[in-house]
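The values are calculated or read from the model by the stated rules, or taken from the named source; none is laboratory data. Since the model is a prediction, treat every value here as computed from it, not as a measurement. Please note: Cβ atoms are built from the backbone with ideal geometry, for glycine as well, and neighbour counts cover all protein chains shown. Each accessible area value is taken on the protein alone, full model and side chains, heavy atoms only, with ligands, DNA and RNA left out. Shrake-Rupley method; radii C 1.70, N 1.55, O 1.52, S 1.80 Å.
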Amino acid sequence: MTEQTKAVFENPQLLRKKLGEFLDTSDSVKIEKFAVVAEKAFSKGGKTGLKFVVSWSWWSLFFGILPLVRRKCYLYSFIMCLLCMIFSTILVACTYKYLIITRFKNSLNVGDEKFYKMSGTSILAVFVVLFIPVLITLIFVVIPRLSSNKYDVEVSTTITNIKTLISDFGAFYAVNSNFSGTKFKDITNIKLSNNNIMALENETFIEIGGTDCISVKLTNESSNYTLKIYQKENIGSICKNVLETESVKALLGNIIIGKSKIEENQEQIWGDFEFGENAYKKKDYKKAFEFYKKSCDSKNFAGCHRLGNLYNNGKGVEKDYKMAANSHEKACNGGIIGSCYNLGIMYYNGVGVEQSYKKAFDLWKKSCESNDEQTASRACNNLGILYDNGTGVRINKEKAKEYYGKSCDLGEEEGCKNYREFD
C-alpha cells in the first residue's frame with residue numbers, strides 16, 4: 001500500500017469521496033457501507049495494508065456471482081464459480097464488499113486519478129465467468145452422473161424384470177402343470193415386446209431402454225418345460241452395458257420350470273426350491289416343507305439341506321432327528337458343506353445317528369477344508385477341540401493350535417479364544 005493510498009484510508013472524508021468516484025455513485029448510504037468495510041479492513045491490517053473482514057451483501061446473496069461480474073471483478077467471479085455451487089452465493093455475500101475495497105486500494109496504488117469505473121458488464125466476461133464453469137460442471141459432473149444413474153436404473157430394472165418373469169412362470173406351472181394354449185400375458189405382467197402371442201415355442205423380448213435386448217422363449221423338450229433367457233443378437237450399447245453386468249449375466253440361461261437339478265450346461269433352477277424359500281421367509285413353514293421336500297426329491301441338494309433343518313427344528317413338520325440326518329447326508333454328498341457340518345454335530349452328539357467321533361471328525365475336516373468360510377471357521381474350531389481333548393483322534397496339541405488358529409483367521413471368535421489359551 002502506497003503512502004498516497006494510506007492517506008486516503010486514514011482520512012474518513014477523503015475515503016468516502018474517493019469511494020463515491022470509484023463506485024460511480026452519489027448514494028451516501030451505499031458509499032458508507034463500503035467505507036465502513038474499508039476502515040475495518042485497514043484497521044485490522046495494522047494501518048499498513050488491508051486484512052480480510054467478513055461483511056454482508058444481500059444483493060450478492062440474491063444474485064450470486066453477478067454483482068462481482070458487474071463490478072468487473074472477473075478473476076474473483078471465476079474462482080467463485082469454480083467453487084461448490086451450493087456455497088458460492090453465500091461466499092460472495094460475505095466477501096463482496098471486501099473484494100471491491102481491495103480493487104479500490106489497487107486503483108489508488110496505481111495513482112489513476114480518474115479511477116477505473118466499476119459499473120458496466122462485458123458480455124464476453126459474463127460468458128467466461130458464468131457459463132464456462134457451468135459448462136465444465138455439466139461435462140464432467142452432471143452429464144456423467146445422469147448417465148450413470150440411468151445405467152444403474154436400467155440394470156436394477158432388468159434384474160427385477162428377469163427375476164419376476166422366472167417367478168411368474170414357476171408360479172404358473174406350480175398351479176397349472178403345463179403351458180399349453182397360454183399366452184405370455186396370461187403368465188406374467190412384465191412388459192414384453194409381444195405379450196399377446198402363445199408362450200410355448202414362440203419368442204418375445206425384454207426391453208432395455210426401449211430396445212429389444214433379451215430373448216425369451218419357452219420350449220417343451222423331452223417332457224421338460226425350459227424357459228430360455230438369452231442376449232438378443234445385434235444389440236446397442238445400452239443393452240451391451242447392462243447385459244455385461246455380472247448380476248444380470250448370472251440370470252441368463254436355461255431355466256427348467258418345475259425341476260431342481262443343475263445340469264452341466266449351466267441350466268439355472270427355479271421351481272420348488274425358490275417357492276420353499278419364499279414360503280420360509282413368510283414363516284409358512286408347512287408350505288416351505290412341502291416345496292423343500294419336492295426340491296430334495298428332484299436332487300436339488302440345497303433343498304435337502306433346508307429340509308434337514310426343518311426336521312431338526314420341528315418347523316412345518318414333526319421333529320425327526322433321523323430324517324434330519326438323512327436329509328443332511330443327501331445334501332452333504334451333493335456338495336452342501338453346511339449339511340456336512342450339521343451332520344458332524346449329529347454324529348458327535350449321537351442325535352438321529354449312532355454316535356461316532358470318527359465320522360464327526362471326517363465331516364468337520366471336510367467342512368474345514370471347504371471354501372465356505374463361515375462354516376469352515378466353526379468346523380476348524382471343532383477339529384481343534386477334538387485334537388485338544390483326544391476325542392476320536394490322538395491328542396495332538398500342535399494340531400489343535402493349528403486348527404484353532406485357522407478358525408480364528410476365518411473370523412470365529414471361539415477359535416481365537418482357544419488359540420490365545422495356548423500362549
Per residue, how large is the accessible surface of the stretch 301-366? Use a 1.4 angstrom probe and give square angstrom.
47 Å²
Gained length - ASN333 relative to GLU203, 0.36 nm times residue gap less alpha-carbon distance
42.9 nm
Here the stretch 404-415 yields Karplus 3J(HN,Hα) values (6.51, -1.76, 1.60; θ = phi - 60°; whole Hz; Gly and Pro given as x) of 4, x, 5, 4, 5, 4, 8, x, 8, 4, 4, x
For PHE205, which sequence-distant residues (separation of 5 or more, or a different chain) have an amide H within less than 5 Å of its own amide H, given hydrogens modelled in the peptide plane?
SER193, ASN194, VAL216
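Once you keep just the Cα pairs under 8 angstrom separated by 6 or more residues, what percentage relative contact order results for the stretch 272-423? Kindly include the intermediate steps, with their values, before the conclusion.
Working: 266 pairs, mean separation 18.4, N = 152.
It comes to 12 percent, rounded to a whole number.
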Please find the FRET efficiency linking LYS240 to ASP297, where r is the Cβ-Cβ separation and R0 is fixed at 30 Å, and quote it to the nearest 0.05.
0.15
Once you put a point 7 Å from the Cα of ASP27 and another 7 Å from the Cα of ARG103, both along the Cβ direction, what distance in nm separates them?
1.6 nm
With the cut-off at 27 Å, tell me which of the pairs LYS217/LYS282; LYS183/LYS232; LYS330/LYS358 have Cα atoms farther apart than that.
LYS217/LYS282
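Summing Lys, Arg as +1 and Asp, Glu as -1, what charge do residues with Cβ under 14 Å from the Cβ of ASN396 carry, ASN396 excluded?
Working: positive: LYS365, ARG394, LYS397, LYS399, LYS401; negative: ASP388, GLU398, GLU402.
Computed value for this residue: +2.
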Residues whose placed amide H lies under 5 Å from that of GLY45, excluding near-sequence neighbours
LYS51
At 7 Å along the Cα-to-beta-carbon direction for both ASN195 and ASP372, put a label point, then send me their distance in nm to one decimal.
4.1 nm
Go ahead and run the numbers for FRET between THR157 and GLN13, Cβ-Cβ distance against an R0 of 56 Å, rounding to 0.05.
0.20
Excluding same-chain residues fewer than 8 positions from LYS17, which lysines have a Cα within less than 20 Å of its Cα?
LYS6, LYS30, LYS33, LYS40, LYS47, LYS97, LYS105, LYS114, LYS117
What are the residues whose amide H is under 5 Å from the amide H of GLY314, where those residues sit 5 or more places off or on another chain and H is modelled from the backbone?
ASP320
Kindly write out, for the stretch 293-303 in residue order, the coupling ³J(HN,Hα) from the Karplus curve 6.51 cos²θ - 1.76 cosθ + 1.60 (θ = phi - 60°), rounded to whole Hz, with x marking Gly and Pro.
5, 4, 4, 5, 4, 8, 6, 8, 6, 5, x
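Which semi-axis lengths, in whole Å and largest first, follow from the square roots of five times the eigenvalues of the Cα gyration tensor of the stretch 1-51?
Details: eigenvalues 71, 27, 12 Å².
Result for the stretch 1-51: semi-axes of 19, 12, 8 Å.
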Provide the per-residue ³J(HN,Hα) series for the stretch 179-187, in order, calculated from phi with Karplus coefficients 6.51, -1.76, 1.60 and θ = phi - 60°, each as a whole number of Hz, with x at glycine and proline positions.
10, 4, x, 10, 8, 4, 5, 7, 9
Between LYS51 and ASN178, with labels modelled 7 Å along Cα→Cβ, what's the label distance in nm to one decimal, could you check?
9.4 nm
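Report the net charge of residues surrounding SER28, where surrounding means a beta-carbon distance below 13 angstrom and charges are Lys +1, Arg +1, Asp -1, Glu -1.
Numbers: positive: ARG16, LYS17, LYS30, LYS33; negative: ASP27, GLU32.
Computed value for this residue: +2.
What is the extension gain from GLN231 to GLU3, computed as 0.36 nm multiplied by their sequence separation minus the C-alpha to C-alpha distance, in nm to one decimal?
Working: separation 228, 0.36 × 228 = 82.08 nm, distance 7.94 nm.
Length gained between GLN231 and GLU3: 74.1 nm.
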